[in-house]
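For reference, the structure discussed in these notes is given below.
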Amino acid sequence: MLLRTRYLSLDPYVRGRMSDAKSYAAPMEIGDVIVGGTVSEVVESAADGFAPGDTVLSYGGWQEYSLESAGHLRLLDPAAAPVTTALGVLGMPGFTAYAGLLAIGKPQPGETVAVAAATGPVGSAVGQIAKIHGARAIGIAGGEQKVSRLRALGFDAALDRRAPDLAGRLAEAAPDGIDVYFENVGGPVWGTPYCPSSTSSRGYRCADWPPTTTRPRCPRAPIAAGSSWAPCWPRASPCAASSSSSSRPRCSRTSCRT
Ligand SMILES: NC(=O)c1ccc[n+]([C@@H]2O[C@H](COP(=O)([O-])OP(=O)(O)OC[C@H]3O[C@@H](n4cnc5c(N)ncnc54)[C@H](OP(=O)(O)O)[C@@H]3O)[C@@H](O)[C@H]2O)c1
């Protein structure tokens with residue numbers, strides 16, 4: 001089938017594909033079309049069920065036209081929802097949030113869920129799904145404009161990761177601890193010493209960026225991306241309300257579970 005690209009998605013995983021570091025997917029080669037989901041219009045079709053003018057979700061990448069076989073496409077109904085949602089809340093990012101939070105995080109009414117990169121398509125869905133399930137939602141994002149957006153989306157607390165003392169502000173926003181942490185970024189946010197009061201706190205690591213340089217001290221055990229893990233915040237030692245690395249609590253190996 002010949003498709004014409006109408007919308008394309010720039011997703012964070014593209015950064016990983018531009019590197020030959022070990023990953024779950026092969027890197028792009030020089031000269032390859034940049035990978036990415038697209039919403040495309042069918043121009044020519046020899047496949048049953050697809051006609052010229054239809055709108056499909058495709059994976060044609062960053063090019064104006066692509067050739068695809070029907071098995072790789074999902075027919076979209078423009079009357080059901082704006083077709084761009086197939087690249088967002090009704091597509092891969094939305095399903096990532098839905099599956100990661102509900103199948104692994106399993107937030108319960110009254111629990112506190114925290115999520116980083118919270119205004120993105122994954123994080124914003126995580127926070128809203130948490131609210132639907134009766135949990136408190138704390139969003140962490142970069143910059144005041146994004147913090148305002150989080151409030152508009154109904155997050156109970158919204159924190160700017162660029163402001164000083166993220167750990168202290170997080171402790172204030174979650175005085176009883178964090179029950180579910182949905183990790184979306186890696187880097188300094190991931191290394192912040194969260195202080196959940198409950199040793200049954202759960203985490204879901206959805207991202208690993210930067211891949212190796214800023215992995216926090218805790219948990220020590222390697223974690224597969226997209227897998228569940230139990231954060232190994234120390235049971236006894238009080239968490240320092242400081243973002244400086246020297247005062248971050250260290251985990252004892254015995255308190256880690258994977
Ligand atoms: N495992 C899976 O199957 C799967 C599927 C989909 C997505 N993902 C991952 O889920 C995460 C969220 O996806 P998305 O599409 O919703 O992403 P996104 O929000 O559109 O973009 C990533 C966000 O991460 C934050 N960020 C970027 N660089 C950063 C840095 N150096 N330090 C701290 N924060 C930084 C930025 O938000 P702020 O400035 O607001 O912090 C940025 O907007 C991504 O890491 C993506 O790769 C995984």
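The values are calculated or read from the model by the stated rules, or taken from the named source; none is laboratory data. Worth saying up front: this structure is predicted, and the values here are computed from it rather than measured. Positions of Cβ are generated from backbone atoms using ideal geometry, with glycine treated the same way; all protein chains shown enter the neighbour counts.
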Quiz item: Does any residue of region 196-205 turn out to be modelled with pLDDT under 50, crowded, with 18+ Cβ neighbours inside 10 Å and over 16 Å from A117 (Cβ atoms)?
Solution: yes
Exercise. Select from region 109-119 the residues that are modelled with pLDDT under 95 and within 9 Å of the chain's Cα centre (by Cα) and write down the one among them that is nearest to the ligand (Cβ to nearest atom).
Key: A117
Quiz item: What is the residue count in region 120-138 for residues that are within 9 Å of the ligand (Cβ to nearest atom) and more than 17 Å from L90 (Cα to Cα)?
Solution: 0
Quiz item: Is it the case that region 152-165 has a residue that's among the small types (G, A, S), more than 26 Å from V83 (Cβ to Cβ) and within 12 Å of the chain's Cα centre (by Cα)?
Solution: no
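Residues are listed down the side, and each one gets a yes or a no for (1) of a type outside the set (G, A, S); (2) surrounded by 11 or more Cβ atoms within 10 Å (Cβ to Cβ):
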residue	(1), (2)
A21	no, no
Y24	yes, no
I34	yes, yes
Y59	yes, yes
L67	yes, no
L75	yes, yes
P78	yes, no
Y98	yes, yes
L101	yes, yes
Exercise. Check off (1) in a helix (DSSP H, G or I); (2) in contact with a strand residue (DSSP E or B) (Cβ under 7 Å, 6 or more places away or on another chain); (3) at pLDDT 95 or above for I104 and give me the number that stays unchecked.
Key: (3)
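Conditions (1) under 28 Å from N184 (Cα atoms); (2) not hydroxyl-bearing (S, T, Y), marked per residue:
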site: Y7; (1), (2): yes, no
site: A25; (1), (2): yes, yes
site: G31; (1), (2): no, yes
site: S45; (1), (2): no, no
site: F50; (1), (2): no, yes
site: G71; (1), (2): no, yes
Quiz item: Checking G61 against (1) touching a strand residue (DSSP E or B) at 6+ places or on another chain (Cβ under 6 Å); (2) more than 30 Å from L159 (Cα to Cα), which single condition isn't satisfied?
Solution: (1)
